[in-house]
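Student: This is the structure I have questions about; it appears just below.
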Amino acid sequence: MYCTKQIKDDLFWIGGNDRRLSRFENVFPIPNGVSYNSYLLMDEKTALIDTVDRAITDIFLENVRHTLGDRPLDYIIINHMEPDHCATLVDLLRLYPEASVVGNTMTFKLIFQFYGMELQNKLLVADGDKLPLGRHILRFITMPMVHWPEVMATFDETDRTVFSADAFGSFGALSGHLFADEVDYERDWMDESRRYYSNIVGKYGQQVQDALKKLLPLEPRMICPLHGHVWRKDLDQIIDRYQHWSRYTPEEAGVVIAYGSIYGNTENASNVLACRLSDAGIQNIRMHDVSGTDPSYIVSDVFRFSHLVIASSTYNNGIFSNMENLLHDLHAHKVQNRRVSVIQNGSWFPNSGKLILEILSSMTGMEILGDTVTIRSALAPGQEEELSRLADTIAESIREPS
């Protein structure tokens, strides 16, 4: 049976949820599932804005049929060609073969690559082009590399609604509530919005900034993303985070301690450092075992907080493998403008610190705090003072006026 939500008199959410999928893009764990949002605008002409993943084909097509009733589907607007948003395009066109598909040059290239289709009914649009539906006038705004090259947003000039593709999205299936103001978003959803942004879009900060410079002067009243909640109130709550994240500016002061430990000794040093940071009055401390925590959660915390500690065993004369993977992940997502401290461990040849610093030096604006703390097998007598000095250095840096 159909499951839809009415957003406005003539705008409907016709998407669905997937709680069976365990990894988004087969990479990122999504313990709370994910939503696939699709929207139908019912004006003199009807426009469906993006489709959904194949996993929810049946409910999606039921939603479309129920909402349209006996009316034709005039336009299918494709803001983003990733398969979790367009996999049901072929099924939709079988039901509504007269519908005109709206997209840009890259959109139609990708449609052919994915589905081998040369569309008979298509409307090619470019940045700034408009499509009147009746009361509503839609404007198309290109947002390349947020996070694919063909991405665009659709702006309803009449109601000032942005259909924002993957921008402003979040991991997590919806539990009845469609609107962000219906939940405690800061408490229950912001972490997953940050993890979604930092891992999916995080590499493209400059492109996000370019998109914001196009979208914000339009003074949108509502944001309808392809994943997560619809924003109809307090839009600054999510826009402000996007400004921080896309500029690689920490949201708040705090320390992320990521450690790679084989037999527990590097972990012990990390715990001692965390205790000394707490003694120094630092409240925001996040600890992650790189062997037990998926990197997406660590990347997200690094986007959030101002300081980072990398504590790693030496492994095969290099960096502990899971730590090396995390560092390459941080580098790939263009993490920058953080203050970083290093702890290395090695029984006969502690070498991980040197290699960690080489990776950090290739990243933008990464300031090294304090000297590298070197452990040989296990903490030796007197090394607690060394960790205390490092904690004091980090704490003093956090307390510096910004």
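No lab work stands behind these numbers, since they all come straight from the coordinates. All values reported here derive from a predicted model rather than from experimental measurement. Positions of Cβ are generated from backbone atoms using ideal geometry, with glycine treated the same way; all protein chains shown enter the neighbour counts.
Student: Taking 7 Å along the Cα-to-C-beta vector as the label spot, tell me the Val183-Arg54 distance in nanometres, rounded to one decimal.
Tutor: 2.8
Student: Counting only residues 5 or more places away or on other chains, whose amide H sits under 5 Å from the amide H of Thr88 once H atoms are built in the peptide plane?
Tutor: HN-HN under 5 Å from Thr88: Val52.
Student: Does anything in segment 72-90 have its amide N under 20 Å from the 7 Å Cα→Cβ label point of Gln120, and if so which residues?
Tutor: 72-77, 89-90
Student: Another one. For a quick check of your reading of the filter: which trypsin sites (Lys or Arg not before Pro) in segment 310-402 sit in a DSSP loop and have no more than 16 other Cβ atoms within 10 Å?
Tutor: Answer by residue number: Lys334.
Student: List the residues whose amide H sits under 5 Å from the amide H of Val309, counting only those 5 or more places along or on another chain, with H placed 1.01 Å from N in the peptide plane.
Tutor: Val256, Ile257, Ala258, Ser341
Student: Can you give the convex hull volume of the alpha carbon atoms of the chain per residue, in Å³?
Tutor: Enclosed volume per residue, from the Cα hull, is 140 Å³.
Student: Still on this structure, I have one more. Considering only Arg247, Arg139, Arg20, give the residue with the highest GNM mean-square fluctuation for the chain, with springs between Cα atoms whenever their separation is below 10 Å.
Tutor: Of the options given, Arg20 has the highest mean-square fluctuation.
Student: Also, quick follow-up: Which cross-chain or sequence-distant (5 or more) residues have an amide H under 5 Å from the amide H of Asn79, H modelled 1.01 Å from N in plane?
Tutor: Under 5 Å from the amide H of Asn79 lie the amide H atoms of Asp50, each far enough along the sequence or on another chain.
Student: While we're on this one: Can you give me the relative contact order of the chain as a percent, contacts being Cα pairs under 8 Å and 6 or more apart?
Tutor: RCO, the chain: 11 percent.
Student: Consider a paramagnetic label point 7 Å from the Cα of Glu44 along Cα→Cβ; state which residues of segment 123-156 have an amide N under 15 Å from it.
Tutor: 131-138
Student: Continuing with the same structure: Can you give me the Rg/Rh ratio for segment 255-395, using Cα atoms for both radii and the Kirkwood formula for Rh?
Tutor: Rg/Rh: 0.92.
Student: Sticking with this one: Out of Phe108, Met152, Phe171, whose Cα points farthest toward the positive end of the dipole of segment 105-210 (charges: +1 Lys, Arg; -1 Asp, Glu; placed on Cβ)?
Tutor: Phe108
Student: Here is a follow-up. ³J(HN,Hα) across segment 27-35 via Karplus (A = 6.51, B = -1.76, C = 1.60, θ = phi - 60°), whole Hz, x for Gly/Pro?
Tutor: Here the 3J(HN,Hα) series is 10, 9, x, 10, x, 10, x, 7, 9 Hz.
Student: Of all DSSP beta bridges located in the chain, what percent are antiparallel, nearest 5?
Tutor: Approximately 45 percent, going by the DSSP bridge assignments.
Student: Related question: What is the distance in Å between the Cα centroid of segment 288-306 and that of segment 166-205?
Tutor: 17
Student: Additional query: Please find the FRET efficiency linking Lys233 to Tyr2, where r is the Cβ-Cβ separation and R0 is fixed at 30 Å, and quote it to the nearest 0.05.
Tutor: Rounded to the nearest 0.05, the efficiency is 0.65.
Student: If you restrict to DSSP beta bridges whose two residues both lie in segment 294-344, what percentage is antiparallel, to the nearest 5?
Tutor: Among the beta bridges of segment 294-344, antiparallel pairing accounts for roughly 25 percent.
Student: Taking only the C-alpha atoms, wrap a convex hull around segment 312-381 and report its volume per residue in Å³ as a whole number.
Tutor: Expressed per residue, the convex hull around the Cα atoms of segment 312-381 is 77 Å³.
Student: Between Thr158 and Asn317, what is the FRET efficiency for a Förster distance of 60 Å, r being their Cβ-Cβ separation, to the nearest 0.05?
Tutor: Between Thr158 and Asn317 the formula returns 0.40.
Student: Right, here's the next one. State the antiparallel share, in %, of DSSP beta bridges confined to segment 259-402, rounding to the nearest 5.
Tutor: The antiparallel proportion sits near 15 percent.
Student: Shifting gears a bit: At most 16 other Cβ atoms within 10 Å and a DSSP loop assignment: could you name the GluC sites (Glu not before Pro) in segment 55-120 that fit?
Tutor: Glu98, Glu118
Student: Cα to Cα, under 22 Å, and not fewer than 8 places away if on the same chain: which lysines meet these conditions relative to Lys130?
Tutor: Lys8, Lys45, Lys109, Lys122, Lys213, Lys214
Student: Loop sites only, by DSSP: take the chymotrypsin sites (Phe, Trp or Tyr not before Pro) in the chain that have at most 12 other C-beta atoms within 10 Å and name the longest stretch containing none of them.
Tutor: The reported range is 1-262.
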